[in-house]
Each structure stands twice: as structure tokens, then as C-alpha cells.
Amino acid sequence: MKKIFICIDLKSFFASCECSKRNLDPFTTNLVVADKTRGENALCLAITPAMKKLGIKNRCRTKDIPGDISYIIVKPRMKMYMEYSAKIYGIYLRYVSSKDVHVYSIDECFIDITSYLKYYKKKPKEFAEMLISAVFEETGITATVGIGTNLYLAKIAMDIIAKHVDDNIGMLTENTYRKYLWHYTPLTDFWHIGQGISNHLNRLGIYDMYDLAHYDQKELYKEFGINAEYMIDHALGKEPTTIADIKAYVPKTNSLSNSQILTKDYNYEDAFLVMKEMVDTNVTRLVKEHKVTDCVSICVAYSKRNGGGSSGGQRKMTVRTNSLKTIRDEFIILYKEEVTANKPIRQIGISFHNVMNERFESYDLFTDIEKLEKEKNVQKAIILIQTKYGKNSIMKGMNKLENATGLMRNQLIGGHNAI
């Protein structure tokens, strides 16, 4: 049976949730989701469709909104958005099985509707309308939908077609994709093609999907390596992966990452403090999930006001562990080796690689087993307290320093606040 997939994207999700809570229409209400305590540089996480009609760009800064436009500004409430997302997911599950749903993000998912069309006696578009109508009736959230004969075409139908038609539903097959989108520009509107890849393709004389589909494949593999495989498939409108494949996939290795964009330019010492907080957070998660790691990495992005750029590195450890002291010491070495001391920092990212079950924990000749066990017991006690009373119920002295971010970040998604 020929596969049919849909991709559903909830419109201006955060802003629409805020309007729903206030019984406001996002298509007529000017509303911005942003933390105004961060000043005029506060990032707008979402704006209503009404504001988009006025020419305001999503993900702008509040300072970029013209002064003659009046609007409501609300602080982000991630816990509420997650609750809305869970409720909407529950609506989908009334009509389809969870095995046929792939949640792509908090406001977007893919559904394999192939086996349901005959059962509900509906055509693909009618089935999509049934789902988004149910969501709107119960939550007030509107959606755009892409329908395709594979996951890629469903995504492109949603990203490019649905947003330019009155009913917000786009449909694509391999043939219609080649007919209508082979010469569509810009390339950056296509899934998985960012500005960097687009510029690279342009340098090769490739400006649309037709050019990419007819370019010498050997040359593409030379330029892009293994990534050329999906680029060639997508240029032809093909995608062999299904939701069943995604569900069955087991990664060979796992990683645990943490990244944050700082609210202002941080100097070397203050960014070092934030990094240590992030390491603490990740190690706590390792211990809680009974995992260990043997490789860590860091990446920092410097302020664009001082030329931008980035730097970072990776360290392979001699042990496989979830010891805070061991892992933090590795990051201290990395930070001192890789981060430029006299450049203001705007973003920090850390990662633990080769994460696996703690039964694979290993030691070296210098490991003090007794001391390690004491450290683990302290970590487990902290986790128990935080689980019962909230993440901020027990914190370290460094978390109270002026430019620390841990306390604030712990409050971003629900939970209890400590006294």
C-alpha cells in the first residue's frame, strides 16, 4: 500500500497558547511572548499571526518592534506550553496509535495515516481536517498541515505549500514536488538546508532543487560526504525512512548536552562560572539516570559585537564515570585550553559523549573508590531532596553569585521554588 504521511505544525504555538488562556484571537490580537525583564534585547520566542501580518519577524528582539505598534507582552511559561502540547498529543491518540506518531518538537509531529484512511472512510485531506478541527475545538490552537507520500514531502508540503494556501493544508507527491518545487527558491526553505549549506551549493552553481537533482553525484559526495545521500534523495522528492524505522532505531552511542545563550556578554571568569553550573546539572542527570561517560566537550560562541566566532574542544577521559569532581576537572582543563580569555562570550554548550549504563563504569590506578562512593552518596541525597522539594531547594554557593544562571534556569519549566 502506498504510504501517506501528514506533518502537523501548531501555528505560533507559544503565542497561541497565551491567547487561548486569555480567550483572545491570535489572528486579531497583537501578542508577544518574551521576558521583558531582559530589556530591549529580549528575544521574542513567539508572536501572533496578527503581528506577522504587520511585517514583524518571528524570533526578533523587542527593540525591533516599531514603536507605533501596541501589543501585549507576556513572559514565557514553558510548563503551560508543554501541558498544551501533551493535551493535543492526547487528541491525536483518539484517532491513531502512538506507534504511528513521531513527535518532532513541542509544536510539530508526523503521523503515518496510511492504515486509517480506509477505517475512517476519508481521503488524506479530510483526515487532516478532522484532526486539526478537533484540536481547534478543544484548545483554540490552529495548525498547518502537510500531506505527502513520504516524511520529507509531508514536511515540505507543510513548510512551503500549506503556508501559502487559504486552508493551510498542502499536498505533495514526488511528481508534484518536481513539477512545482524543482525551481522554487530560496533553497533555505527546504528541510535540512541551512544558510551554510545553501552558500556551499551556490558556489557549485546549484541554486534550486532541479540543479541539485541533476548535479554529478560523485562530486556531491566529495563535497558533502555521507550527507550527500539524503541531499540527492530530497532533491528528487524521495525519503526511504518511515515512522516505523524511526521508532525502531537504536543509536550506537548516546550523548547528553546542555547549551544556553547568555542574556548579555559574559567575561571569561563569569562564563567559567556558568560552565561549572552546567556541568553540575548534567552530572546530576547522569547520576539520576544511572549513566556514565568517558568523553566530554565544550563549545563557546563569542559576542558578535567583538567579531563573533567560536572555539571549543573535546577530551577523552581515562575512566568511564559520573563523578562530579572527575568530570568537572576535565571541563576546567578544556575551558582553560580552548576558551579565549579576552573575548566576551555569548553562548556556551557542553556535552557528555559515549553515555551508557553505569554498569560499564571503569576506574584507573588513581581512583579512590571509597572517596568516589561518598561523593555518589552526596549526589544521590541531593537528587532526593530536589525531587521532593524542587530543583532550587538545595543549591551550591556559586549558584548565588551575581552572574550565575542556575537558579533562574531551574525556574523556566515549572517545579517548586526553594526558600
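The values are calculated or read from the model by the stated rules, or taken from the named source; none is laboratory data. Note that the coordinates shown come from a computational prediction; the quantities given were computed from them, not determined experimentally. Ideal geometry is used to build each Cβ from the backbone, glycine not excepted, and the neighbour counts take in all protein chains shown. All accessible areas refer to the heavy atoms of the entire protein, side chains included, with ligands and DNA or RNA removed. Shrake-Rupley method; radii C 1.70, N 1.55, O 1.52, S 1.80 Å.
Are there any pairs, at least 6 apart or on different chains, whose C-beta atoms fall under 9 Å, with the first in the stretch 85-107 and in contact (Cβ under 8 Å) with a residue 60 or more places away in the chain and the second aromatic (Phe, Trp, Tyr) and open to solvent by 40 Å² or more (accessible area, probe 1.4 Å), and if so, which?
Matching pairs, first to second residue: VAL101/TYR89.
Tell me whether the stretch 37-47 contains one or more residues that are of a type in the set (Val, Ile, Thr), touching a residue at least 12 places away in the same chain (Cβ under 8 Å), surrounded by 12 or more Cβ atoms within 10 Å (Cβ to Cβ) and assigned to a loop (DSSP other than H, G, I, E, B).
No, the stretch 37-47 contains no residue that is of a type in the set (Val, Ile, Thr), touching a residue at least 12 places away in the same chain (Cβ under 8 Å), surrounded by 12 or more Cβ atoms within 10 Å (Cβ to Cβ) and assigned to a loop (DSSP other than H, G, I, E, B).
Any idea which of (1) open to solvent by 40 Å² or more (accessible area, probe 1.4 Å); (2) touching a residue at least 60 places away in the same chain (Cβ under 8 Å); (3) farther than 21 Å from SER16 by Cβ is the one MET78 doesn't satisfy?
MET78 satisfies every listed condition except (3).
Look at PRO124 and say whether it is surrounded by 12 or more Cβ atoms within 10 Å (Cβ to Cβ) and either within 20 Å of the chain's Cα centre (by Cα) or more than 23 Å from ALA162 (Cβ to Cβ) (or both).
Working: surrounded by 12 or more Cβ atoms within 10 Å (Cβ to Cβ): yes; either within 20 Å of the chain's Cα centre (by Cα) or more than 23 Å from ALA162 (Cβ to Cβ) (or both): no.
Spelling it out, it is not the case that PRO124 is surrounded by 12 or more Cβ atoms within 10 Å (Cβ to Cβ) and either within 20 Å of the chain's Cα centre (by Cα) or more than 23 Å from ALA162 (Cβ to Cβ) (or both).
Pull up the stretch 143-153, narrow it to residues that are in contact with a strand residue (DSSP E or B) (Cβ under 6 Å, 6 or more places away or on another chain) and in a helix (DSSP H, G or I), then point me to the one that is surrounded by the most Cβ atoms within 10 Å (Cβ to Cβ). Can you show your working first?
Narrowing the stretch 143-153 to residues in contact with a strand residue (DSSP E or B) (Cβ under 6 Å, 6 or more places away or on another chain): 143-148, 151, 153.
With the extra rule that they be in a helix (DSSP H, G or I), the set shrinks to 151, 153.
Values: LEU151: 25, LEU153: 29.
The qualifying residue surrounded by the most Cβ atoms within 10 Å (Cβ to Cβ) is LEU153.
Can you work out which of the residues in the stretch 304-316 that are without any contact (Cβ under 8 Å) to a residue 24 or more places away in the chain and not small (Gly, Ala, Ser) is least open to solvent (accessible area, probe 1.4 Å)?
Looking at residues that are without any contact (Cβ under 8 Å) to a residue 24 or more places away in the chain and not small (Gly, Ala, Ser), I get ARG315.
Checking ILE261 against (1) more than 27 Å from ASN354 (Cα to Cα); (2) touching a residue at least 40 places away in the same chain (Cβ under 8 Å); (3) exposed (fewer than 15 other Cβ atoms within 10 Å of the Cβ), which test does it fail?
(1) is the only condition that ILE261 fails.
Just to check your reading of the model, which residue among GLY55, GLY140 is in contact with a Cys (Cβ under 8 Å, 6 or more places away or on another chain), open to solvent by 10 Å² or more (accessible area, probe 1.4 Å) and closer than 22 Å to LEU24 by Cβ?
Numbers: GLY55 fails: in contact with a Cys (Cβ under 8 Å, 6 or more places away or on another chain).
Going through GLY55, GLY140 in turn, just one is in contact with a Cys (Cβ under 8 Å, 6 or more places away or on another chain), open to solvent by 10 Å² or more (accessible area, probe 1.4 Å) and closer than 22 Å to LEU24 by Cβ: GLY140.
Results for (1) assigned to a loop (DSSP other than H, G, I, E, B); (2) touching a helix residue (DSSP H, G or I) at 6+ places or on another chain (Cβ under 6 Å); (3) over 19 Å from VAL279 (Cα atoms), shown as yes or no for each residue.
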| position | (1), (2), (3) |
| --- | --- |
| ALA301 | no, no, no |
| GLY308 | yes, no, yes |
| PHE331 | no, yes, no |
| GLY349 | no, no, no |
| ASN354 | no, no, no |
| LYS371 | no, no, yes |
| VAL378 | no, no, no |
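From the list ASN282, ASN322, exactly one residue is under 23 Å from GLN379 (Cα atoms) and more than 25 Å from the chain's Cα centre (by Cα). Which is it?
Numbers: ASN282 fails: more than 25 Å from the chain's Cα centre (by Cα).
Matching residue, one of ASN282, ASN322: ASN322.
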